1. So which residues in region 203-218 are part of a loop (DSSP other than H, G, I, E, B) and open to solvent by less than 10 Å² (accessible area, probe 1.4 Å), if there are any at all?
2. Do you know which residues across region 5-21 are over 17 Å from residue 235 (Cα atoms), surrounded by 15 or more Cβ atoms within 10 Å (Cβ to Cβ) and polar (S, T, N, Q)?
3. Does at least one position in region 267-286 carry a residue that is surrounded by 22 or more Cβ atoms within 10 Å (Cβ to Cβ) and not in a helix (DSSP H, G or I)?
4. Tell me whether region 42-59 contains one or more residues that are closer than 23 Å to residue 233 by Cα, in a helix (DSSP H, G or I), aliphatic (A, V, I, L, M) and modelled with pLDDT under 80.
5. Of the conditions (1) buried (at least 18 other Cβ atoms within 10 Å of the Cβ); (2) touching a residue at least 24 places away in the same chain (Cβ under 8 Å), residue 241 clears all except one; give me its number.
6. Could you list, ordered by first residue, the pairs with Cβ atoms under 9 Å in which the first is in region 247-270 and among the basic types (Lys, Arg) and the second is not in a loop (DSSP other than H, G, I, E, B), at least 6 apart or interchain?
Amino acid sequence: MVGSALIRSFLKAGYKNIHATWHERKPSDLINLFEIDTNFSINDEINWHQCNFINQKESERLLNKIKPDGVVVAAARVGGIMANSTYKAQFIYDNTQIASNIIHYSHINNVKKLIFLGSACIYPTDVNQPIVEEALLTGLLEPTNEPYAIAKITGIKLCESYFDQYEDNFYSLMPNNLYGPGDNYDLETSHVLPALIRKFHEVKINQLGKVVLWGSGNPRREFLHVDDLASACIFAFENINADEIYKQKISHLNIGSGTDLSISELAEKIKNVVGYLGEIKNDLSKPDGMKQKLLDSKRINNLGWSAKISLDDGLISVYSDF
């Protein structure tokens with residue numbers, strides 16, 4: 001999802017000689033998402049590479065071959081509460097390896113700028129809202145996604161350390177909960193928004209009765225359309241360097257929409273978009289996760305970037321995509 005949004009946005013912005021990698025999802029499955037107003041063939045502008053960045057040798061070979069000028073690290077093993085709770089070892093090992101391999105071999109190949117994409121789950125579970133960048137490592141992590149969060153924090157600190165030791169122009173952006181075209185709708189591994197879209201849709205068309213909502217529905221979440229994240233990446237590439245971030249005694253920049261809502265409120269919005277008329281039932285045996293996760297994105301807002309896609313508009317378009 002993030003990779004395809006980045007490609008769309010970089011092409012729209014006029015970038016050439018783009019190298020895109022894939023591991024499990026073949027690019028042919030995503031071509032329909034690249035419908036943009038251009039005068040050239042998508043395949044003529046994108047150099048596709050299959051690579052498993054968990055593997056050190058594959059990572060080394062590919063980056064030695066491409067020798068890119070700039071890198072955005074969007075590769076990750078991701079999932080919602082169920083996936084994070086079930087595959088803890090995979091989440092911490094795979095994501096730590098991905099970050100370590102891409103960042104190290106980008107350094108070896110003299111990459112001019114690298115942006116590592118993290119996640120708002122890096123922040124402590126008991127933290128003041130909205131969350132400022134300085135809150136990193138000030139408390140305990142949310143237990144339901146601690147392995148993933150630790151791996152992402154490792155990526156942040158890798159970028160910071162390569163800047164400190166080698167003056168590499170590497171830094172991190174922390175988006176909040178992402179959604180958009182190309183999302184994962186698998187109920188075992190997806191995040192809350194796509195999972196609810198699938199649940200409401202299937203219950204509606206199959207007339208199955210109730211939609212079951214995990215937990216109390218009270219936790220609050222901020223959602224960011226993936227195209228807004230992609231625009232933030234381009235803005236950062238063109239306007240922000242690592243030294244400007246680290247001199248503020250922070251290690252990354254938050255990327256958020258600026259507003260949040262409860263999971264119950266999100267469910268009602270999706271219910272209306274899908275046109276489901278039935279009942280919503282809460283399963284209180286399931287975990288809630290972090291009570292609130294709203295980012296303070298004032299730093300990048302003050303530099304000139306802000307999110308443009310409202311949640312209401314985004315839900316309509318993403319349900320159409322689904």
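1. Going through region 203-218, the residues part of a loop (DSSP other than H, G, I, E, B) turn out to be 207-210, 215-218.
Listed by number, the residues that qualify are 215, 217.
2. 21
3. No, the conditions are met nowhere in region 267-286.
4. Among the residues of region 42-59, at least one is closer than 23 Å to residue 233 by Cα, in a helix (DSSP H, G or I), aliphatic (A, V, I, L, M) and modelled with pLDDT under 80, which makes the answer yes.
5. (1)
6. Every condition considered, the pairs that remain are 249/134; 269/261; 269/311; 269/312; 269/315.
The values are calculated or read from the model by the stated rules, or taken from the named source; none is laboratory data. Here the structure is a predicted model, which means the values were calculated and not measured. All Cβ positions, even for glycine, are placed from backbone atoms using ideal geometry, and neighbour counts span all protein chains on display. Just so you know, the surface numbers come from the protein's heavy atoms only, side chains and all, with ligands and any DNA or RNA stripped out. Shrake-Rupley method; radii C 1.70, N 1.55, O 1.52, S 1.80 Å.
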